[in-house]
Every structure is written in C-alpha cells, then in structure tokens.
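Structure record follows, encoded as structure tokens.
The values are calculated or read from the model by the stated rules, or taken from the named source; none is laboratory data. Keep in mind it's a predicted model, so treat the numbers as computed, not measured. Methodologically, a virtual Cβ is constructed for each residue, glycine included, from the backbone with ideal geometry; neighbour enumeration extends over all protein chains shown.
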Amino acid sequence: MKDLVEEIQRLKKEKNAVILAHYYQTADIQDVADYIGDSLGLSQEAAKTEADMIVFAGVRFMAETAKILSPQKKVVLPDFNAGCSLEESAPADKFMAFKEQYPDALVISYVNCSAELKTLTDIVCTSTNAVKIVESVPEDQQIIFAPDKNLGAYLNKVTGRNMILWDGACMVHETFSARLIEEMRNKYPNAKLLAHPESVNAVLEHADYIGSTTGLLKYTINSPEKEFIIATETGILHQMQKANPDKIFHVAATERNGTYCASCADCPHMKLNTMEKLYLCMRDESPEIILPESTIRDARKPIDRMLEISA
Ligand code: CIZ
Ligand code: SF4
C-alpha cells in the first residue's frame, strides 16, 4: 500500500497542481490541501491560481465554478457523482419556466447550483456575501432567489426584502432539529449555538450567531466563549478544533424521518471523496470537468458580478 499523502504531494509537484478543499471534506483531505475554504474563498483561489491543474476536493458544482473561472486550466475532482441536494432541486428547464412567470424579476442564485442554472442568473452569491449582494440591488427591484428557500427566508428577514423563493433545501442543514438542539443547550448550558443560514428558521431563531462556514470558524477564534454547538456540516469541526485546541465543540443534533442522531450532520456528497480517490484523480487527471464554451461564458457573468460586488 503506497503512502497516499506522499504520492499526492509528489503528483502535486510533478503536475504543478493545486488542491482546493472545502471545509466539509474529511480531516485527512483538508490536511493535504493547499487551500481550505468555503465556496467563496475557493472560487477566489481558483480565479487567481497559477497551477496547471486544479484538484477540487468538494462537490461537482464547486469544481464547475472553478472551471468557469479558470477555463484554460484542467479541473479534476475525486468523485464525479458528488452532487448536492440544492443543485438537484433546481433543474434549469423547470427554473426557466418558473422565471418566465416573473419577466421583470432579477435572479440571484446561491452558488450551490448547476452551471446551467448560473446561465439563467443575474448575480451569484455565497453565504458569506449574500446580504451584501441582495442589498446591492435597488429596493424596488423584484428578485427571485434560488435555490435555497431557507437561506432565502433568512435573507428576506435580514434585509427586509420580499424575494420570491425557489423551493430547494440542503439535505444536511434541513435535518437540524430545533427541539433536539434545545435539549443539547440544557445539557451544555455554557455552549453557544452557531448556525449556518441554510438551516431552518426554527434553528436559526435560537442561534447566538448565524454565518457562513468561514464566518462560524472566525467566530470560534475571536469569541472568548469556550464551548459551542455547531449547526453545519461536521467537516468544519476539524479547522475549528485545530484553531482552538482548548475549546469544546458539539455537532448539532439532527432528526430525519423520526430518526434522531447526535452527530450525523455529514453531507453524503462531500463525503464521497476519499484520499484514495483524490490520489487517483490526480494520477489519471480524471474525472475532469468539461463544460460547453457557451455555458462557461454565460455562467461566468453572474459569478464575475458577485466577485466585483464582494471584492
Ligand atoms: O452547504 C454548503 O455546501 C456550503 C455552506 C458551502 C459554502 O462553502 O458556502
Ligand atoms: Fe449541497 Fe448541503 Fe452537501 Fe452543501 S452540505 S453540498 S448544500 S447537500
């Protein structure tokens, strides 16, 4: 059995590759990456990298975003089947029909969507810059927000807008249970609840802080508090624990179809990636993201608008 870490490092040099890993990847993958971040940070890295090959340890829509931003580069990912429930919730044909009902509306799409959906979008956003993006649009302009209804509802609340929401949700964040989290708060009375805005409103209402993955991580570093309940995907705990070795972190409890779980907030798509698949995709330069030129051109415009607004 080869030492995968060593082999991955060797291939990185040999192929002038850069490994971008999302916070929701397993700890071993994060530890071998050149950059670890959320979708905004990783797309900014992808836009400026000088590497010849971008190895995207995340899900497919994120690797597609990297390809759209660096079309001349080869972009590979460990598992081509790494999808996303938000992406699946918004097929381009159905969205097009929906959009036709509101001919004057501007479309803001959360980056967690397909490249095709981005071609039907005016401005992309991530959870880090979503409030800024929504507020950059004149107040009297009608907006459709896709595909995450929970993030959309949260944004409507924070900005006072009344955006029309597409009916999609994240299969991980929508399972956090407000009732079970309350029980956790009784058990750990000193713990602060930090939640990602993809979570349902019943959970967000109890949160001490709501933010993107990067925002939550920064909060754990800057806050004097010592104990936290984290309502987002479990992978982020690796960086939180690394940055705060003396602090205590608990994964928020989930409930799905009557099944309760204390530590089940794993994204099945993110967790399709393994060290072995990471090594193989670098060795074989496959699976590779290939997109039609017209998709790259049309999907790039709303991403560039996002990067300009959030610069
Ligand atoms: O749920 C996701 O996939 C998130 C939070 C992505 C990101 O980095 O914003
Ligand atoms: Fe998609 Fe949710 Fe997984 Fe993120 S955590 S990739 S939004 S299914």
Could you tell me which residue of the range 158-168 is surrounded by the most Cβ atoms within 10 Å (Cβ to Cβ), considering only residues that are within 21 Å of the chain's Cα centre (by Cα) and outside any loop (DSSP other than H, G, I, E, B)? G168
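In the range 186-197, which residues are surrounded by 16 or more Cβ atoms within 10 Å (Cβ to Cβ) and either within 11 Å of ligand 1 (Cβ to nearest atom) or farther than 27 Å from A90 by Cα (or both)?
Of the range 186-197, the ones surrounded by 16 or more Cβ atoms within 10 Å (Cβ to Cβ) are 191-197.
Answer for the range 186-197, where residues must be surrounded by 16 or more Cβ atoms within 10 Å (Cβ to Cβ) and either within 11 Å of ligand 1 (Cβ to nearest atom) or farther than 27 Å from A90 by Cα (or both): A191, K192, L193, L194, H196, P197.
Residue-wise test of (1) over 28 Å from Q142 (Cβ atoms); (2) assigned to a helix (DSSP H, G or I); (3) away from ligand 2 (no atom under 16 Å from the Cβ).
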| residue | (1), (2), (3) |
| --- | --- |
| C170 | no, no, no |
| L180 | yes, yes, yes |
| E183 | yes, yes, yes |
| N190 | yes, no, yes |
| P197 | no, no, no |
| A207 | yes, no, yes |
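Those residues that are hydrophobic (A, V, I, L, M, F, W, C) and within 16 Å of ligand 1 (Cβ to nearest atom), I need them from the range 198-249; list them, please.
Of everything in the range 198-249, those that are hydrophobic (A, V, I, L, M, F, W, C) and within 16 Å of ligand 1 (Cβ to nearest atom) turn out to be V200, V203, L204, A207, I210, L216, L217, I230, A231, I236, L237, M240.
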Members of the range 44-66 found to be touching a residue at least 60 places away in the same chain (Cβ under 8 Å), surrounded by 24 or more Cβ atoms within 10 Å (Cβ to Cβ) and assigned to a helix (DSSP H, G or I), listed by number: A63, E64, T65, A66
Among the numbered criteria (1) assigned to a helix (DSSP H, G or I); (2) more than 15 Å from M282 (Cβ to Cβ); (3) in contact with a Leu (Cβ under 9 Å, 6 or more places away or on another chain); (4) within 16 Å of ligand 2 (Cβ to nearest atom), which single criterion is violated by Q30? (3)
In the range 134-156, the residues that are touching a residue at least 40 places away in the same chain (Cβ under 8 Å), surrounded by fewer than 23 Cβ atoms within 10 Å (Cβ to Cβ) and either aliphatic (A, V, I, L, M) or not in a loop (DSSP other than H, G, I, E, B) (or both): I144, N150, A153
Taking the range 78-108, which residues are within 16 Å of ligand 1 (Cβ to nearest atom) and touching an Asp or Glu at 6+ places or on another chain (Cβ under 8 Å)? L86, S89, I108
List the number of the failed condition for V18; all other conditions in (1) touching a Gly at 6+ places or on another chain (Cβ under 8 Å); (2) away from ligand 1 (no atom under 12 Å from the Cβ); (3) within 28 Å of D298 (Cβ to Cβ) hold. (1)
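Just to be sure, is E174 within 16 Å of ligand 1 (Cβ to nearest atom) and in a loop (DSSP other than H, G, I, E, B)? Quick ask: steps written out before the conclusion?
Numbers: within 16 Å of ligand 1 (Cβ to nearest atom): yes; in a loop (DSSP other than H, G, I, E, B): no.
It is false that E174 is within 16 Å of ligand 1 (Cβ to nearest atom) and in a loop (DSSP other than H, G, I, E, B).
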Tell me, yes or no, whether the range 199-218 has at least one residue that is touching a residue at least 60 places away in the same chain (Cβ under 8 Å), buried (at least 23 other Cβ atoms within 10 Å of the Cβ) and more than 20 Å from A243 (Cβ to Cβ). no
Please find, among Y279, Y209, Y260, Y219, the residue that is of a type in the set (F, W, Y) and modelled with pLDDT under 95. Y260
Return only the number of the condition from (1) of a type outside the set (D, E); (2) away from ligand 1 (no atom under 15 Å from the Cβ); (3) closer than 26 Å to T175 by Cβ; (4) surrounded by 15 or more Cβ atoms within 10 Å (Cβ to Cβ) that T259 does not satisfy. (4)
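With the requirement that a residue be at pLDDT 95 or above and outside any helix (DSSP H, G or I), what does the range 113-129 give you? Reasoning before the result, please.
Residues of the range 113-129 at pLDDT 95 or above: 113-125.
If the condition is that a residue be at pLDDT 95 or above and outside any helix (DSSP H, G or I), then C113, S114, L120, T121, D122, I123, V124, C125 are the ones that fit.
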Looking for whichever is closer than 24 Å to S223 by Cβ and more than 16 Å from ligand 2 (Cβ to nearest atom) here; the options are N162, N129. Which one fits? N129
Considering only the range 67-103, state which residues are closer than 15 Å to L120 by Cβ, free of Cβ contacts under 8 Å to residues at least 40 places away in the same chain and more than 16 Å from ligand 2 (Cβ to nearest atom). A92, D93, K94, M96, A97, E100, Q101, P103
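Among strands (runs of 3 or more DSSP E) lying entirely in the range 210-311, which contain 3 or more residues that are more than 16 Å from ligand 2 (Cβ to nearest atom)?
Numbers: elements: 227-231, 248-251, 254-256, 259-261.
Hits in the range 210-311: 227-231, 248-251.
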